[in-house]
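Okay, so here's the structure we're looking at.
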Amino acid sequence: MSDILRQLNQEKEYIVELRREFHQHPELSLQEFRTAERIEEELDKFGVLHSRVGETGVLGILRGAGQGEGVTVLRADIDALAIQETNQVSYCSRTEGVMHACGHDAHIACLLGAAKLLAANRDTFDGEVRLVFQPAEEIGQGTEPFLEAGILEGVDRVFGLHTAPDIPSGQVGLKPGLNNAAVDHFKIVIRGKSAHVSTPQLGVDALYIASHIVVALQALVTRCTSPVEPVIIGVGKLEAGTIYNALAETAVLEGTTRTISQESRERIQKLVNETVQGIAEIYGGSAEIQWTDFASALINNSQVCLEAAEVVKQLWGEGKVVTDRRLSLGGDNFAEYILHIPGAYAYLGTGNPEKPGTLNAAHNGNFDIDEDALVLGAGLYTGYALARHGNSQIK
């Protein structure tokens, strides 16, 4: 691994410049056309075969020179967020109202850095490495087209990473078991009947019904679930009415649930459905509920965590792995891959007290990363693939 570390350090400037370029040109979910084209251009430079998956997903295929078998998937997400950047940096987003505020620009750069090193070291490994550049993670999409394309066929391991401002730069979070909650989105449409506010008995107030639903959903968390099991039911959007002095004929609510088990996930959905329908009926209205599955609970395989931790140790020595990172009720649909194949999601430490912006939480207009961590991220992708397929293969 010492030679790989030397090569990584030589490629630091390349990886940092890539990250800054992607940061300057962020694209929203399912609109990552420029991003996909740039990824393909870089893969062409390394002689990596690639194809589109859907309109903006990119799949790279790297075969080692050896005769051995085995397939490993390395995944990076590529979409940005509808957030206005407030950072004052030279590589600030050039797209109004859109920003890489969750580190996906760093994920792309790290995986491309790994692609470059793996392509240059084909003679040191066998089998196949599949590079997944996945769109639309922020809206809970992007995994299905890759799964339908058969990218997990014959695969032994799946590995990915995500930036983490809560972990010091130079360290990696590799926690076996539950890491992230399951995430579901709901949209509730309430239908009532409009009337003048002075004659409410002649109508059905959809806004009033919606208000009761918002309060009642919080009671489901505080009174219908165990206080020691994390559950979130959050309503982030409510639209109703057209004028100040009339009952609202319709109301629309949108929100999300966060749960940590499939049993809890199903039970909460059932409770939400019953509550919404019951309240609407009490006040004479009707309700339609639409659920969208964004991500399953993300549960790391313990063996894969051990394998990845060994890679970190071989490259950077002892004491660099954090195994007790707190459970996050944020989700990531990387979880869909490891439902099928043993895998792990590593959290790449990007926080540095000497660079205050790097301590800001994700989904924030002044989110940034310590770019020194990019070498560690690219090395983790590269090292894990070589450990699985190279001469120093981990058993």
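The values are calculated or read from the model by the stated rules, or taken from the named source; none is laboratory data. None of the values given here were measured: they were computed from a predicted structure. Virtual Cβ from ideal backbone geometry, glycine too; neighbours counted across all protein chains shown. The accessibility values were calculated without ligands, DNA or RNA, using every heavy atom of the protein model including side chains. Shrake-Rupley method; radii C 1.70, N 1.55, O 1.52, S 1.80 Å.
In table form, for the structure just shown:
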{"read-out": "Virtual paramagnetic centre 7 Å along Cα→Cβ of SER226, amide N under 19 Å, in the stretch 275-301", "value": "297-299"}
{"read-out": "Per residue accessible area of the stretch 289-366, 1.4 Å probe, in Å²", "value": "46"}
{"read-out": "At most 11 other Cβ within 10 Å, DSSP loop - GluC sites (Glu not before Pro), the stretch 39-106", "value": "GLU69, GLU96"}
{"read-out": "Cα-based helix-to-principal-axis angle, 206-224 vs the chain, degrees rounded to 10", "value": "60"}
{"read-out": "Segment SER2-LEU178, length gained on full extension (0.36 nm per residue, minus Cα span)", "value": "60.1 nm"}
{"read-out": "Cβ-derived FRET efficiency at R0 35 Å, ILE61 paired with ASP372, nearest 0.05", "value": "0.70"}
{"read-out": "Carbon plus sulfur fraction of accessible area for the chain, probe 1.4 Å, in percent", "value": "50"}
{"read-out": "Length gained when the stretch GLN218-GLU144 is fully extended (0.36 nm per residue, less Cα-Cα span)", "value": "23.5 nm"}
{"read-out": "Estimated [θ] at 222 nm from DSSP helical runs (n ≥ 4, -39500 (n - 2.57)) normalised by residues in the chain, nearest 500", "value": "-11000 deg cm²/dmol"}
{"read-out": "Potential lengthening between GLU266 and ILE243 on full extension [0.36 nm per residue; Cα-Cα distance subtracted]", "value": "4.5 nm"}
{"read-out": "Unsatisfied cross-links (Cα-Cα over 31 Å) in the set LYS313/LYS355; LYS45/LYS320; LYS270/LYS320; LYS175/LYS355; LYS116/LYS313; LYS12/LYS175", "value": "LYS45/LYS320; LYS270/LYS320"}
{"read-out": "Separation in nanometres of the label points that stand 7 Å from Cα toward Cβ, at ALA120 and GLU288", "value": "5.6"}
